């Protein structure tokens, strides 16, 4: 009997009516305040959905924009309006609570991404260098994996770079990835930016492979090869950094329609703003049309109707076209960049094989070496019309640039097995493989991911059968093929094939289907250009890039409110009255 009565509430201490009423009142007020907080979170999500800039010039959020949206939401909402007018807190600065809400949203977002990573089979990591407006070099980490048979890219984190050596960068990346436990799941890694490029000693890729043995180093095609080589040259050669900065001024100047029409009157070659800081089309346009451009700039300076800023910029650009050093470098890259474009076009060919890659790289190296041998001649031709007041070292700079580009191409494409292995899931090649099975491609795949593709015989058998069933893959991509296999219930029968498809869909090696929507990296670049401050950059980037993701999360607002309440107990008046 004593055991049965154990745990029953003591009858001698009944709850007083006053205590019960106080609890009920407290709960009503808490519910009211959490409703208001829910509306505040919705305001932040709305700003992210509309890609509005929330960051101000003083490292705080743009409170005026936030207040304007919140006041608009009060119209027609009596509960929200009553709270807004009764609390003096809303008449003051809301930047603090906005910052804390953003922090809580980012924490919830990271938790949800962690849950997806636990359920996904393979993950690829993309690391990019980005210079913030504070002039501090940072790297941004993006994860790519498959969710419900759909390739997904998720922003993870900005990392401040203090040690820019390969060892320091790899340690910073591993510190971020370590808690996610991706040792066996990480199947691909790709890097972009001058800081991330190999310096000829030891690379970040090599150090990362020691920790993540399955992470194959790939060249992501979203990293334009000409832009990558530009970053490598500019990072290690001071003269070329100045040249590329001067060159970018031409593309920026002729973005204005009036200036473009002024150039069209003297030339049919329009100068367009490149997507990257440097592209071969900008080099070729300026080199081929330098006379017409100079005539256009002189016309802008002398004719009436142009504003002072345009006249000043036109004068600066005209001085570049009269500078022998600038012309020498312009001539040099006009010779080199067509070789880079040829190599990139060959590497993007779907039916590429090891011999073609090797031949293309060798031809590129030979042609660049030939340009290197003509460096003295190029320097003399471009600067012969100008008197040289001091000895120029442009020929030596050109030779160093050639050596740098050759080293980078060797480092990126010395191992092309991943390009060969990707043909196994290229549906356009399936009719060819039905006649002759691609043994060499299969060997490349097994060599790259031996722990994931454990049953080679089963994979070969599945692929042999799949290549014969053209109704499954006709006119399809690797993504649609995986979806078709899942919809028809063949994922268990073709288990090894599904594993292979998931590996390549998680690998940041975009084909044409990967560029239908803007990549996460493109949106991050846009955000960083228009964002001031640094304290909430992770949260703001998450909000702008992943708003569609957080909008679809169940109970996202509730989870954010719970974190806000736990982390901010000092807001007693706002949260709990």
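What separates the Cα centres of the range 452-501 and the range 99-172 is a distance of 31 Å.
For the peptides 362-370, 120-128, residues were scored by their other Cβ atoms within 10 Å and the scores averaged per peptide; the highest-first order is 120-128, 362-370.
Give, in nm to one decimal, the length gained when the segment between residue 298 and residue 2 is fully stretched (0.36 nm per residue of separation minus the Cα-Cα distance). Each step should come with its number before you reach the end.
Working: separation 296, 0.36 × 296 = 106.56 nm, distance 10.33 nm.
Result for the pair: 96.2 nm of gain on full extension.
Distance between the pseudo-spin-label points of residue 32 and residue 566 (7 Å out from Cα toward the beta carbon): 2.7 nm. Arranged from fewest to most other beta-carbon atoms within 10 Å of their beta carbon, 41, 173 become 41, 173. Listing 325, 310, 162 from fewest to most neighbouring C-beta atoms within 10 Å gives 162, 310, 325. Can you pull the one-decimal nm distance between simple spin-label points at residue 439 and residue 79, each 7 Å off the Cα toward Cβ? In this crude spin-label approximation the distance works out to 7.1 nm.
FRET efficiency for the residue 107 to residue 319 pair, using the beta carbon distance and R₀ = 45 Å, is estimated at 0.30. When restricted to Cα atoms, the range 418-507 yields an Rg and a Dmax of 11.7, 31 Å, respectively. Shown is the FRET efficiency for residue 487 and residue 256, computed with R0 = 56 Å from the Cβ-Cβ distance and rounded to the nearest 0.05: 0.65.
With the simple spin-label model, which puts each label point 7 Å out from Cα in the Cβ direction, the residue 119 to residue 49 separation comes to 2.3 nm.
Values in this text are rule-based calculations from the coordinates and carry no lab data. Treat the numbers as computed from the prediction; the structure is a model and nothing was measured. Here Cβ is always computed from backbone atoms with ideal geometry, including for glycine, and neighbour counts include all displayed protein chains.
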